[in-house]
Structure formats: C-alpha cells, structure tokens
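Some notes on the structure that comes next.
Every read-out reported here was derived from the displayed coordinates using simple, explicitly stated rules and does not represent laboratory data. Computed from a prediction, not measured in an experiment: that's the story for all the values here. For neighbour counting, all protein chains shown are included, and Cβ atoms are generated from backbone atoms with ideal geometry for every residue, glycine included.
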Amino acid sequence: MTKLTRRQALAAGAAVPLAAAMGSPARAAAPMMGAGMAPYHRFRLGGFEVTTLLAGTRTVPEPQKIFGLNVTPETFAAASAAAMIPTDKAQFFFTPTVVNTGSELILFDTGLNPAGITDALAAAGYSPDQVDKVVITHMHGDHIGGLSGEAGETFANAAYYTGATEFDAWDMSGNEGFEAKVRPLADKTTFLDDGGAVASGVTAMAAFGHTPGHMAYMLESDGAQLVLGADFANHYVWSLAHPEWEVLYDRDKEMAAATRKRMLGMMAADKVPFIGYHMPFPGIGFVEARDSGYRYVPASYQFMLG
Ligand SMILES: [Zn+2]
C-alpha cells in the first residue's frame, strides 16, 4: 500500500469535494495561444478609408545601439524608465498603410517580403492585384522588400511613386535591394518632388535625413488631415522625447534630427495625427509638446466617431 504524506493526503482530500461541487468532469485546460494581435486596423479619414497593416514585428536587443548613439547609458536608462519601457530590448513593428480614396487603392510601403504584406492585405480584405498605386517612402529593405519575390512582382496592376531625390541617391549606389526590387520597376514609376501629388489629397512632403530623399505624405479628405510619417521618427519614446538623439539608421543624422523637430513641431502645434511605420501597432497617434521634446499620444477612439 502506498503511503501518502500528510501534505499529499490533505491535497487529495481537498480536491474531491471541490470537483464534486463543480458537478462537471475534469477536462484539459484550454491551450496557451501565444501573444496575438489583429494584423490590420481600419478607420475613416474624411471620405478616405485608411488601413494600417502589420506586415511584421520582432524583438530587437540592445536598442541604445540603434536609438541613443550620442547619449550615456544613464541618460538612456532614465528616459526609458520614465516611459516604463526596458533598455535591454525593444519591439519593432513594420506597418505599411493602404488608403482607399474612393476611386483608388494606394499602398504606402511594402514591408520586409511579399508574404508579410500579402498576408496583412488579405486579413484586411484586399488582394495585391487590387492595389492601383504603390508609394515607396524610401528605399530601405523593410519598405521595398514586398515589391517582388520569387513569384515575380507582388502588385500586378500597380503604378509606382517615389521621391526623385531618393531614387537618384540609390541609383548609383550599387545597392543589392535597390537593384533587385526598385530598378526593375523604374519604367512604371513616377518621381515626385516636395509637394508632388500621388492623387487628389495625397501630397509628398520632403522629410530628408533618414535617407537622402525620404518622403512623408499628407493625407487630406473633407477637411481631415493625417501625416503618413514613414521613418521620420522610428521610436515612440526615444525619437519623440529626444528628437536630437542620433539613430543608427539615419544616413544624415543632423538633417534627420532637424526634420524630426520640424515635423513634430508642426504636428503638435496643429494637432495633426500621424501614422509612423515603426510606431507600436496600430501605429497611429498624436504629438504633444513635453519638456524640451515631445510625447506620443496613441489614438484612442477619435477615428471611430465618423
Ligand atoms: Zn523603416
């Protein structure tokens, strides 16, 4: 006969009346599902429908080596603690946006690869061949990656738009991604300068620095405005509270910081919301002036009110 310890006997004794009281047979616990979030977020902006698409997300170690190159670890730690985020890792998001103007479907940036953008579009109810125009804000791999792949061009019916300065800067670089993904589409591409239009209510804004010809876009419909900021600021805390902090991925660090300050100042003063490609998904928020920098205010229900 197996002898129970006093503790086991007590546990067994306690379990019986509980199970009986519940009146149901024992069953397995529901499986753990892992973290999850909806891969798209859609709202109205005047007469436009705007949908942000989560084309990828990943955890990245040692974020100070990316976002705080010119500050001490103590300064970086203090800013992070104030915003209740850790210093040893950060979560990256890759968020293309699709805008339905009522007459055209316009996609801004394409994620890391065709599968990411195709899956996110499908979740939002779109197929790649519905996309009329693809706008490339700048030519880093996480923005051009979805343009084409082993299956060929991802967006069979699209015309392409990008900044003239941006294309020219990469044209002579010999960059592998540019040669594979962007150059083959050059004949179908319209090159924009500051103030150039992709469609009525979709206007290019020079936001140089992150790359030589990086462009943001102003969306305007029925008096409602929204900035598609792309990569003018790449972290919701470190790049907004301290726009002067140097960022590894900014090609011209001084120009990128000046662009950040100018755009954040405009958004805070005019209370214009923005979508940031690397902001925490769903990537839409407002900018509040705070101390010597700014604070990101994620949108709540402002865009659900019609
Ligand atoms: Zn990027």
Where the centre of each part is set by its Cα atoms, how far does the range 264-306 sit from the range 65-108, in angstrom? 13 Å
Using only the alpha-carbon atoms, what does the range 247-306 span along each of its principal axes? Please give whole angstrom values in decreasing order. 40, 23, 17
Ordering 85-96, 173-184 by per-residue average of other C-beta atoms within 10 angstrom, highest first, gives 85-96, 173-184
Modelled label-to-label distance, Leu69 and Ser200, 7 Å Cα→beta-carbon offset: nm? 4.4 nm
Please determine, in degrees from 0 to 90 and to the nearest 10, the orientation of helix 114-123 with respect to the longest principal axis defined by the Cα atoms of the chain, where the helix direction is its Cα long axis. 70 degrees
Viscosity 1.002 mPa s, temperature 20 °C: give me the Stokes-Einstein translational D for the range 41-154 in µm²/s, with Rh taken as the Kirkwood radius over C-alpha pairs. 135 µm²/s
Take the Cα coordinates of the range 85-226, assign each an equal point scatterer, and use the Debye formula without solvent to give log10 I(q)/I(0) at q = 0.14, 0.15, 0.17, 0.18 Å⁻¹. -0.65, -0.74, -0.95, -1.05
Over the alpha-carbon set of the chain, work out the extent along each principal axis and list the three values in angstrom, largest first. 86, 48, 44
May I ask you to work out the translational diffusion coefficient for the range 53-94 at 37 °C, viscosity 0.692 mPa s, via Stokes-Einstein with Rh from the Kirkwood sum over Cα pairs, reported in whole µm²/s? 297 µm²/s
